[in-house]
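Heads up: the structure comes next, in structure tokens.
The values are calculated or read from the model by the stated rules, or taken from the named source; none is laboratory data. Fair warning: this is a prediction, and the values are worked out from it, not measured in the lab. Reconstructed Cβ throughout: ideal geometry from the backbone, glycine too, with neighbour counts over all protein chains shown.
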Amino acid sequence: MIRIAPSLLSADLMKLREELEACREGGADLLHLDVMDGSFVPNLSYGPDFVRQVRKVSDLALDCHLMVEAPERHLEAFAEAGADWISIHLEACPHADRQLARIRELGAKAGIALNPGTDPAALEYLWERLDFVLLMSVNPGFGGQRFLSSVLRKISFVKALGEKLDRPLPIEVDGGIDLEHIGPCAAAGAEIFVSGSHLFRSGDLKKAIGRLRQAAEMKGRA
């Protein structure tokens with residue numbers, strides 16, 4: 001099932017309510033929130049208070065991607081703020097198994113995010129704790145970067161791993177997703193697509209979401 005997740009990092013915060021409504025009317029499935037601490041990645045974004053404000057005005061599922069050091073310190077705050085999906089980076093979390101279990105205890109879906117250079121083989125040992133996998137197709141920290149085609153091999157690997165373990169998981173891709181790159185990602189096995197700059201700079205957010213979904217569905221059926 002194809003799911004589109006507009007990344008609010010690229011939204012115009014001065015008219016956020018309007019853009020959230022356009023996401024809903026355009027058929028978005030999730031709202032993606034990139035949480036950055038200026039340490040794990042070289043940028044700062046927003047925290048639980050922003051998530052709480054988004055929750056007040058949108059009924060879409062909130063997909064919180066924690067690009068932070070020691071994510072275990074923040075899980076409760078984001079879950080209480082309204083996060084429905086929470087992903088933590090394997091690179092930032094030496095006790096990932098424990099933290100994934102905690103995310104589920106808090107009532108959210110638990111995901112592991114992997115940077116472009118991280119080997120996905122380690123996912124096998126966390127598979128039973130996971131509800132989804134997030135693969136970065138850019139180096140995290142800033143919006144508007146170019147898609148890294150090496151992620152296509154990782155998507156195929158993770159897809160095959162789920163089949164091998166007889167427990168397929170949704171694969172989410174984040175970074176540089178546009179009409180050119182969403183099709184190959186869908187063909188490789190991804191089904192959740194985070195898109196920021198492409199959608200919010202399109203001039204018509206509602207139509208852009210629809211076009212992106214159509215491109216993914218056409219390639220996924222091919």
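Being under 15 Å from the mean Cα position of the chain (by Cα), in a loop (DSSP other than H, G, I, E, B) and among the charged types (D, E, K, R) is the filter here, so list the residues in the range 169-186 that pass it.
Once the filter is applied, which keeps residues that are under 15 Å from the mean Cα position of the chain (by Cα), in a loop (DSSP other than H, G, I, E, B) and among the charged types (D, E, K, R), the range 169-186 yields only D178.
List every residue pair whose Cβ atoms sit under 9 Å apart, with the two residues 6 or more apart in sequence or on different chains, where the first one lies in the range 59-75 and is basic (K, R) and the second, anywhere, is at pLDDT below 95 and in a strand (DSSP E or B).
none
Going by the structure shown, is A83 at pLDDT 95 or above, surrounded by fewer than 21 Cβ atoms within 10 Å (Cβ to Cβ) and within 18 Å of R129 (Cβ to Cβ)?
no
Looking only at the range 144-179, which residues are within 25 Å of Q214 (Cβ to Cβ), of a type in the set (G, A, S) and surrounded by 17 or more Cβ atoms within 10 Å (Cβ to Cβ)?
G175, G176
Does the range 117-143 hold any residues that are surrounded by 15 or more Cβ atoms within 10 Å (Cβ to Cβ), under 16 Å from the mean Cα position of the chain (by Cα) and free of Cβ contacts under 8 Å to residues at least 40 places away in the same chain, and which are they?
L130, V133, M136, V138
Can you tell which of S137, S156 is closer than 25 Å to S39 by Cβ and hydroxyl-bearing (S, T, Y)?
S137
Report, by residue number, each residue of the range 144-168 that is basic (K, R), assigned to a loop (DSSP other than H, G, I, E, B) and free of Cβ contacts under 8 Å to residues at least 40 places away in the same chain.
R146 - this is the single residue of the range 144-168 that is basic (K, R), assigned to a loop (DSSP other than H, G, I, E, B) and free of Cβ contacts under 8 Å to residues at least 40 places away in the same chain.
Of the residues in the range 99-116, how many are surrounded by 14 or more Cβ atoms within 10 Å (Cβ to Cβ), outside any loop (DSSP other than H, G, I, E, B) and not small (G, A, S)?
Total meeting the criteria: 8.
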